[in-house]
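Rule-based calculations on the coordinates, nothing more; no lab input. Bear in mind the structure is a predicted one, so any value in this text is a computation, not a measurement. FYI the Cβ positions are ideal-geometry reconstructions off the backbone, even for glycines, and counts take in every protein chain you see.
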Amino acid sequence: MSTVAEVAEVVRGADALALACHHHPDGDALGSMLAMQLLCEANGKASEASWPSPWVVAPHYEFLPGLDRCIPPSEFPTDPEVLITFDLGRVERLGDLAPAAERAAQVVVLDHHPDNQRFGTHNLVDESVAATAVLVRQLADALGWSLTRDVALNLYVGLVTDTGRFRYPNTTPEVFHLAEELAEYDLPIARITRELFEKHRFQYVQLLSMALARTELDTDHGFVVAWLTQQDLEDFDVSFDETEGFIDHVRACQEADVACVLRESPGEGLRVSLRSTGSTDVAELAAHFGGGGHAFMAGFPSDRPILEVIEAIRALLPERTVPA
Ligand SMILES: [Mn+2]
């Protein structure tokens, strides 16, 4: 394990930094990486930032400052001096950027996933923090780099998405302290919330209504499950990344401890998302399928058919002795 001070030393000593986050980046991955890139820019440190193919972000992240400065994976440095990865626990999640990690002279891993495999030369992995954005804040501090409004906005996006809008069990007093500090940069909180979570095209609302109508509840296992096929996305003209927040509606179901959403990603197989509102550790559940995450929020990819995966998950859930 590396300390924040050691990572700051690596950053100070580098002429240029290559920054990368995981594929289909979420708010914490993107927010942490973009915050770091903007910090570098403000402090005269050269940097390039990217994420693996497919080279797209969900429409609700398009407003993030600095996104337009990112480069496609095809232009990413092939043998960087220092590569920093954000919000990922295993090198495979770097997709087509993984070779850069293998050839980099130094790899700094900034992450908070409990199952992080510490694949870097420097691993700043702290599972006690709510988001990787918290680590970027600490790193800026150690470097003596001041935040700007755009940096604060990106860090706030990491914090608000990884705490499920300050609702998940990782929403500690420290989270609110940092949120307060970031909000002081005159952040448009209501607009950020609307952009991230509330604004969708009418087609999405219709897709949501169809998919919620066929959602299945298994009271014996406290399990609620919904799915979106590639055909559904085509029928409603909705993109895969647009459906990231779908699980928030499914996890509203009070009869279930475990909520599951399976989504077919065009050309990439199935992405399975799990949320726990009870005592079930869904990171453990996801690990059975080669995935991982946090106890309350996890996921895994799969090449198996939707119904088969649902049955395999159900088989791992204990039957309830007391009804909900
Ligand atoms: Mn995260």
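One table, with the values for the structure above:
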| read-out | value |
| --- | --- |
| Over segment 4-196: Rg over Rh, Cα atoms, Kirkwood Rh | 0.93 |
| Ascending count of other beta-carbon atoms within 10 Å, so fewest first, for Tyr156, Tyr204 | Tyr204, Tyr156 |
| Residue (of Tyr156, Gly290, Ile310) at the positive-pole extreme of the chain, dipole from beta-carbon charges | Tyr156 |
| Between 0 and 90°, nearest 10: helix 149-162 axis offset from the chain longest Cα axis | 30 degrees |
| Sum of -39500 (n - 2.57) over DSSP H runs of 4+, divided by residues of the chain (222 nm, nearest 500) | -10500 deg cm²/dmol |
| Label point distance in nm, Thr121-Ala42, each placed 7 Å from Cα along Cα→Cβ | 2.8 nm |
| Percentage relative contact order, the chain, counting C-alpha pairs under 8 Å, at least six apart | 14 percent |
| Summed residue charge, Cβ within 13 Å of Gln230's Cβ, Lys/Arg positive, Asp/Glu negative | -4 |
| Formal net charge of residues neighbouring Asp115 (Cβ-Cβ distance under 15 Å; K, R +1; D, E -1) | -4 |
| Debye, to nearest 20: dipole size of segment 145-193, +1 on Lys, Arg Cβ, -1 on Asp, Glu Cβ | 240 debye |
| Extension gain, Arg320 back to Arg214 (0.36 nm per residue minus Cα-Cα distance, nm) | 35.9 nm |
| The chain: antiparallel DSSP beta bridges as a percent of all, rounded to 5 | 45 percent |
| All-pairs alpha carbon distance profile, segment 202-316, 5 Å steps from 0, percent | 2, 12, 25, 26, 21, 11, 4, 0 |
| The chain - charge dipole about Cα centre, Lys and Arg +1 at Cβ, Asp and Glu -1, debye rounded to 20 | 300 debye |
| For the chain, fraction of C-alpha pairs farther apart than 24 Å, in % | 53 percent |
| Segment 218-279: relative contact order as a whole-number percent, Cα under 8 Å and 6+ apart | 38 percent |
| Rounded to 10°, Cα long-axis angle of helix 27-42 versus longest principal axis of the chain | 10 degrees |
| Between 0 and 90°, nearest 10: helix 4-13 axis offset from the chain longest Cα axis | 50 degrees |
